[in-house]
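Input: a single structure, listed below in structure tokens.
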Amino acid sequence: MHWIAIILTTAVLAAIIYWLLVTTEGVYLGRRVVVWLYDITAHKYDRIKEFDPDAEQFFVIRPLLVRLRRVQNPLVLDVATGTGRLPSFLLDAPTFNGRVVGLDASEKMLRIALVKLQPYGHRASLVQQTADRLPFAYDQFDLVTCLEALEFFPSDTAALQEMVRVLKPGGTLLVTRRKGSEAKLFVGRYRNVAQFEAVLTGLGLEEVHTNPWQQDYDQVFGRKPAKGDNHLTQT
Ligand SMILES: C[S@@+](CC[C@H](N)C(=O)[O-])C[C@H]1O[C@@H](n2cnc3c(N)ncnc32)[C@H](O)[C@@H]1O
């Protein structure tokens, strides 16, 4: 009996530790743990993710270029840029003639991004900072993106609020919503499509819509109302 209790307790503890550190990547232990986990795994991140350049161009970059087509020299902010996935694929696109700022809290992830983005010179820059206090003035960016990261922030709404703040009126926001088998293991943090879209709408965005993307993520787009947009209210 004694041994069974020890085995059961060990199994439960192991499951809790796995959930805390692997499944939810430290989010219930605080921002420092999340960033530390990315620091210690940065060297193998790209190998694990195996980004397919064609899929990235088709499913991520092309929809963004469509939204940027009328903008001269667009300025883009990628929040939680990691190893520079979005900046590198965007700057690789021949029709993109703008600049990209990548922001992340993990120094080790940014070091890898720095090497990857070197060929683009001044068109790419990197900032080490947390997503809840973006070091930029209001209305700066034509496009703000945040891929596969919101669920690891202490508060997704605080970060989204900051992203909307720095977005230019008329600018586009692209973020991802966690879905799939593990999404509901983010206890108290999971949002279904309607709940997620309601957060963006509540922050003042319009044209909010969700596109299915990968097994674990939807893409969610929104637009910050342009100055002078007419908001007709029914009486
Ligand atoms: C799954 S990676 C996604 C990276 C990149 N967007 C991509 O799609 O490859 C999550 C990233 O979020 C960053 N991160 C986690 N918490 C953060 C926070 N509070 N502020 C800024 N970045 C954070 C991590 O350092 C990591 O680089």
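The values are calculated or read from the model by the stated rules, or taken from the named source; none is laboratory data. Please read all numbers here as calculations on a predicted model, not as lab measurements. When we count neighbours, we look across all protein chains shown, and the Cβ atoms used for this are built from the backbone with ideal geometry, even at glycine. Areas reflect the complete protein model, heavy atoms only, side chains present, ligands, DNA and RNA absent. Shrake-Rupley method; radii C 1.70, N 1.55, O 1.52, S 1.80 Å.
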- request: Please sort through the DSSP H helices of the chain and keep those with an alpha-carbon extent of at least 20 Å along the long axis and a Kyte-Doolittle average not below 0.0.
  value: 2-18
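What share of the DSSP beta bridges in the chain is antiparallel, in percent to the nearest 5?
40
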query: Can you work out ³J(HN,Hα) from phi for every residue in region 118-123, in order, using Karplus 6.51 cos²θ - 1.76 cosθ + 1.60 and θ = phi - 60°, giving whole Hz and x for Gly and Pro?
result: 3, x, 8, x, 6, 6
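Leaving out ligands, DNA and RNA, and with a 1.4 Å probe, what % of the accessible surface on region 51-223 is carbon or sulfur? Don't jump to the answer; show the numbers that get you there.
Details: 4010 of 7860 Å².
Ligands and nucleic acids excluded, carbon and sulfur give 51 percent.
Which of the peptides 21-29, 160-168 is most tightly packed, and how do the rest follow, going by the mean number of other Cβ atoms within 10 Å of each residue?
Details: 21-29: 15.3, 160-168: 20.3.
Top to bottom by mean Cβ count within 10 Å: 160-168, 21-29.
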- prompt: When the helices in the chain are scored as -39500 (n - 2.57) per DSSP H run of 4 or longer and the sum is shared across all residues, what 222 nm value do you end up with, to the nearest 500 deg cm²/dmol?
  reply: -11000 deg cm²/dmol
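Mind putting a number on the dipole of region 87-235 about its Cα centre? Charges go on the C-beta only, +1 for Lys and Arg and -1 for Asp and Glu, and I need it in Debye to the nearest 20. Present the calculation step by step, with values, prior to reporting the outcome.
Numbers: 17 positive and 17 negative charges, 45 e Å.
That gives a dipole near 220 debye.
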statement: Given Cβ charges of +1 for Lys and Arg and -1 for Asp and Glu, the option among 63, 51, 204 whose Cα lies farthest towards the positive end of the dipole of the chain is 204
field: the chain: mean projected area of Cα convex hull, nm²
entry: 15.8
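Kindly rank 121-127, 36-42, 140-146 from highest to lowest mean number of other beta carbons found within 10 Å of each residue.
Values: 121-127: 15.1, 36-42: 16.9, 140-146: 23.6.
Top of the packing list down: 140-146, 36-42, 121-127.
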Peptides ranked, highest mean first, by Cβ atoms within 10 Å: ranges 176-182, 133-139, 12-18: 176-182, 133-139, 12-18
- prompt: What accessible area per residue comes out for the chain, rounded to a whole number of Å², with a 1.4 Å probe?
  reply: 55
- prompt: For region 2-46, which whole-number percentage of the solvent-accessible area (1.4 Å probe, protein heavy atoms only) is attributable to carbon and sulfur atoms?
  reply: 75
